[in-house]
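Below is one structure, written out as C-alpha cells; comments come after it.
The values are calculated or read from the model by the stated rules, or taken from the named source; none is laboratory data. Quantities reported herein were computed from a predicted structural model and do not represent experimental measurements. Accessible surface areas use protein heavy atoms only, side chains included; no ligands, DNA or RNA. Shrake-Rupley method; radii C 1.70, N 1.55, O 1.52, S 1.80 Å.
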Amino acid sequence: MEIVILPTPADVGRYAARLVEARARARPALVWGLATGSSPTAIYAELAGAVARGLDLSGVRGFALDEYVGISDTHPESYARVIRSQVVEPLGLRPENVRVPDGRAADLEQAAQDYERAIADAGGIDLQILGIGSNGHIGFNEPTSSFASRTRLKTLAPQTRADNARFFDDPADVPTHCLTQGLGTILESREAVLVAQGEAKARAVAAMVEGPVSAMCPGSVLQFHPRAVVVLDEAAASALTLTDYYRHTFANKPVWQRVPDAD
Ligand code: GLP
C-alpha cells in the first residue's frame, strides 16, 4: 500500500481528486467505483470545481459500492440519491452510465448477481474510491466478512448503524440491511484509493495498514491489493507506527509516479 499523509482533510480531498482527474484524463471511459458517506465528499466537491473549469467526465461510468435495503431511492439518505446529487449531477456523468445496487429489488440475491454481472460487462472497475468505517469496514463489509465475498445482502453492524444515525432523523430509521460489493469484488479493482480523515478513524486505519490481515478488520484485505493508495490527514494517521517511512517514501516518489498537480 502507498500511504500518503497530508496536513488537513481538505488536502486529502484535493489529492484524491487530482488522482481521479489524472486517471479520467488518461482514460475518458474510466470505470469508477464510487463510495458514499462523509469521507469522499471533498473529492467530489473538488472534482466539481475541475469540471467547472473544463474537465469532461461525461464518458466515465460509475458503480456505487453499496446501498441500503428497504428505503426508497428518493429518500435523501439512499445512496442512489446521494450519488445523483454528489456525483452524477455536479460532475456531469450520464445517469444511464452510473449504477447503484438495487436495495428495493424483490429478489435481492438476483439484484446482487446482476450487479456483479454489470461490473464484469463494463470490463471491471478501474479506480475504486473507498472510505473506512470506525470498525474497519469497507463498503458495508462488516467485520468477519469473507475475503472472497461478492456483492450480496449484509446485516449492518450495530456500530455502523450508530455511526450512520447522524444522517437520519431518528436512529431507529437507519436500515438494518444493505447490498454491498464484496471484499473479493473490491480486490479486483485495478486501483483502489481509500481516504480517511479524523481521529475517529485512526485505530481502524492502523489495523488496516499495519495490523495482521484479518476478517476482523475487513479493510486489511487491501494489503493484498496490487495497487492501493491510502490518503490520510494527520489525525487519521495518528495511530500508525511507520509514519517516518511513509513520509520519506512520499517525499522521494519518482516523478513518473506522482499525481499531476498534487505532489
Ligand atoms: C459508510 C459506507 C462506507 C463508508 C464508511 C465510512 O457507511 N457504507 O462506504 O466508507 O461507512 O463512512 P464515513 O465516510 O461517513 O465515515
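With Cα atoms defining each centre, region 147-196 and region 78-123 are spaced 15 Å apart in the structure.
Working from the Cα coordinates of the chain, the gyration tensor eigenvalues give, after taking √(5λ), semi-axes of 26, 22, 17 Å in decreasing order.
Estimated at the nearest 10 Å², the accessible area of Glu188 is 120 Å² with a 1.4 Å probe. Each residue of region 62-77 was assigned a 3J(HN,Hα) from its phi angle through the Karplus curve 6.51 cos²θ - 1.76 cosθ + 1.60 (θ = phi - 60°); the sequence is x, 9, 6, 5, 7, 7, 5, 9, x, 10, 5, 6, 9, 4, x, 9 Hz, with glycine and proline shown as x. Surface listing: Glu21, Glu234 arranged by accessible area from highest to lowest gives Glu234, Glu21, probe 1.4 Å. Rolling a 1.4 Å probe across the protein heavy atoms gives the chain an accessible surface of 44 Å² per residue. Amide H contacts of Leu156 (H built 1.01 Å from N, in plane; Pro and chain starts excluded): His177, Cys178 sit under 5 Å, all sequence-distant by 5 or more or on other chains. With only Cα atoms counted, region 25-117 has Rg and Dmax values of 13.6, 43 Å.
Were the residues from Phe250 through Thr176 laid out at 0.36 nm apart, the gain over their Cα-Cα distance would be 22.6 nm.
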